[in-house]
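Contents: one structure, followed by commentary.
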Amino acid sequence: MNRDQILATLRERILAFATLRVSRDRAEDLTQDVLTVLHEKYSQVTELVELVPLSFQVLRYKMLDAHRKALRRGEYHQESVEDQPLADASDNPMVQLDQKQRVDRLLTAMTQLGERCRELFKWKLEGKSFPEIQQLMKQTSINTIYTWDLRCRRELLTFMGGSWE
Amino acid sequence: MADDDIEKLLGGFAADTLTPEEKRRLCNTVLHDQQLFNLFADEQALKELLTDPVVREKLLRSLRETTSTTDGGNVSWFGWFRRPAGLAWTGGLTAALFALVLGTNIYQESLRQSDRLTTNEDAPLAAGSIPSPSAAPPTSSRITESEPKAQASPQQAMPVGKEAPLARRAKQVPATMANPKEEQEAIQTEPDKLQDSPQSFPQTVPQSKGDTPDVADQSRASAPLTSTSAPVPPKAPAIDDPTTQVGSALNARSLFYGESQEVVSSAMKEKQEGRYSVQEFDRPTRKGEQGARLTETRAETSQPLGIRYSLVMNGMKDLHDDRNGETSLRTSSFDLMIEANQDSFFQVWGEDGSLPLQLLFPFSAGDPVSSRLLTHQRRRIPILAGHRSIMIRLSLMPFETPSTMDSDVTTPSLRQHLQESSASLEAFIPQEQATYVVSRDPSASTLTVRIPLH
């Protein structure tokens, strides 16, 4: 698969994903913005394993930007533009607070996990791959580690309230 | 990994710990699976958090702290203790320890009891202080012990002339029991002296050869109704051979209480446990209490019919009378105390010279209720004085209604009976002279005993 084929496939996936969250017109605009960024700013990235995660990241940023723009424009509350503060390029206190709250929620959720899940997350945060974790946990099959990790992730998501946001 | 299991790589994708191979497979699958793509897109938020080194370090530190606190130290041990498995182990160990201690205590207690029993059984047998009624050694051993004493005190030894040694010994026995008060004190105060006291065993009262071999004199009382404060000792029967008489007299009493070893051992055990003296053991049953115990363990099959009787003056104690209101008769009456070794029926007849025999008890010859005599249940029958002799009939079956006695019954033969007289020191009847008469024939269902009064 060359880069153009990958981007074409990604476009379909991104549009379908965005359509689930926003309107169709806005989703198409969102998808076009993502591809524009990938084409103009990351033209050197050609590998599949790099393009896909990159597209996820760009898509998330674009969706957050769209959300902030809509909020700023008063599309949700229909407020006067003069009443809203000017945009700042850096993270505003709201974003910082949001991230801080998410981190706190994540910390709280992780303390509620079982010992094995905590160990698993600890080794993952330390950067250990699944094969390495398999050796650390002395398991003969790596599928066991995959299954344990999936269950721990679902458990953590439940403790987080069903969303990472 | 199958394509369906690519979802399992989500965790590694967020932490960015996937291997290159896992990443390649994940990306290929994601491009062709919209649902998986959506999942990975949502996972991007977590990945963004975990990508931040500050957040990552914070999470890592939190996890390490949690792990270290749960790993070791008292908290870990306490945590293990609070787990269900820990609680089960602890409870099981506690129960096992408790059961072990309890079982050990019970075992030691049983050992102690068995040792005690063994000691009680062995000590008297080894010392030879308590005789066995069946083996009949007590009298002979006591007599042997008392012989030097009797020789040392000529006042106590009766001159008997030329007699067989055993007969002489038997005759020395009544002489040594001349002081009953001394005998009783010895029993009550110093049990150790019992072994040295010749009075503390059953007394055989044989008579000389020439006295009365016939039935009429077989149990002639030597001092009947002469004192108001002393019991009436019936005269012991005459025998042909003194040696035989000693043996048969001993057997009469032992046969009366049952000859089996079971009876003997049971009675000895009771005596040993109660630390009774030999005389108490040899003494007849105490108010039916010991008799009841003996009855429980007695071998009933081979026990011949036997009776124990004694005569007690009414003046010595205010005794209960079966016939209330006849207190005026007590001044000139005595009580006949009888006891049988089997459930039976009895009659008491009075003989007065040439007159025919007169039924003294029960008042009606066909009264099986009044004449019923339970095993080792002592009955007291008031008898008016004035009869030459009285006759006791004992039968396993109720008597016929005729109130006259057959002639063959009135002439009981000594050869059919074994007889023994022994002194008793019961609390309520001091110095009671009891006589045991047991049928020689174990299959005999009747027994007749004649007691001369004058």
Worksheet item: Is there any pair linking a residue in the range A:31-49 that is more than 14 Å from every other protein chain (Cβ to nearest Cβ) and more than 19 Å from A:Phe17 (Cα to Cα) to one that is open to solvent by 30 Å² or more (accessible area, probe 1.4 Å) and not polar (S, T, N, Q), with Cβ under 8 Å and at least six apart or on different chains, and which?
Response: none
Fill in: Lone qualifier among A:Val58, A:Val49, A:Val103, A:Val95 - being at pLDDT 90 or above and open to solvent by less than 70 Å² (accessible area, probe 1.4 Å)
A:Val58
Worksheet entry | the range B:40-54: number of residues that are closer than 16 Å to A:Gly127 by Cβ, in contact with a Phe, Trp or Tyr (Cβ under 8 Å, 6 or more places away or on another chain) and either open to solvent by 50 Å² or more (accessible area, probe 1.4 Å) or more than 7 Å from chain A (Cβ to nearest Cβ) (or both) | 1
Practice prompt. Residue by residue through the range A:111-156, note down the ones that are of a type in the set (A, V, I, L, M) and more than 7 Å from every other protein chain (Cβ to nearest Cβ).
Written response: A:Leu113, A:Leu120, A:Ile133, A:Leu136, A:Met137, A:Ile142, A:Ile145, A:Leu156
Item to complete: State whether the residues of the range A:115-123 include one that is surrounded by fewer than 18 Cβ atoms within 10 Å (Cβ to Cβ) and free of Cβ contacts under 8 Å to residues at least 24 places away in the same chain.
Response: yes
Worksheet item: From the residues in the range B:18-39 that are basic (Lys, Arg) and at the interface with chain A (Cβ under 7 Å from one of its Cβ atoms), which one is most open to solvent (accessible area, probe 1.4 Å)?
Response: B:Arg24
Worksheet item: Picking from B:Ser371, B:Ser344, which residue would you name as being open to solvent by less than 30 Å² (accessible area, probe 1.4 Å) and either modelled with pLDDT of 85 or more or of a type in the set (A, V, I, L, M) (or both)?
Response: B:Ser344
Practice prompt. Could you run through the range B:300-323 and say how many residues are modelled with pLDDT of 50 or more and not hydrophobic (A, V, I, L, M, F, W, C)?
Written response: 10
Worksheet item: What pairs can you find where one residue is in the range A:96-110 and within 7 Å of chain B (Cβ to nearest Cβ), the other is of a type in the set (Val, Ile, Thr) and assigned to a helix (DSSP H, G or I), and their Cβ atoms are less than 7 Å apart, with a gap of 6+ or different chains?
Response: A:Val103/B:Val55
Discussion item. I'd like the full set of residues that are of a type in the set (Ser, Thr, Tyr) and farther than 19 Å from B:Lys23 by Cα, limited to the range A:6-41.
Written reply: A:Thr19, A:Ser23, A:Thr31, A:Thr36
Fill in: Exclusive hit being assigned to a helix (DSSP H, G or I), at pLDDT 85 or above and exposed (fewer than 14 other Cβ atoms within 10 Å of the Cβ), set A:Leu35, A:Leu30, A:Leu20
A:Leu20
Worksheet item: Does A:Leu86 fit the bill of being open to solvent by 40 Å² or more (accessible area, probe 1.4 Å), farther than 22 Å from B:Asp5 by Cβ and not small (Gly, Ala, Ser)?
Response: yes
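The values are calculated or read from the model by the stated rules, or taken from the named source; none is laboratory data. Predicted model only: the values in this text are computed from it and were never measured. Note that each Cβ is placed from the backbone with ideal geometry, even for glycine, and that neighbours are counted across all protein chains shown. For accessibility, only protein heavy atoms count, side chains too; no ligands or nucleic acids. Shrake-Rupley method; radii C 1.70, N 1.55, O 1.52, S 1.80 Å.
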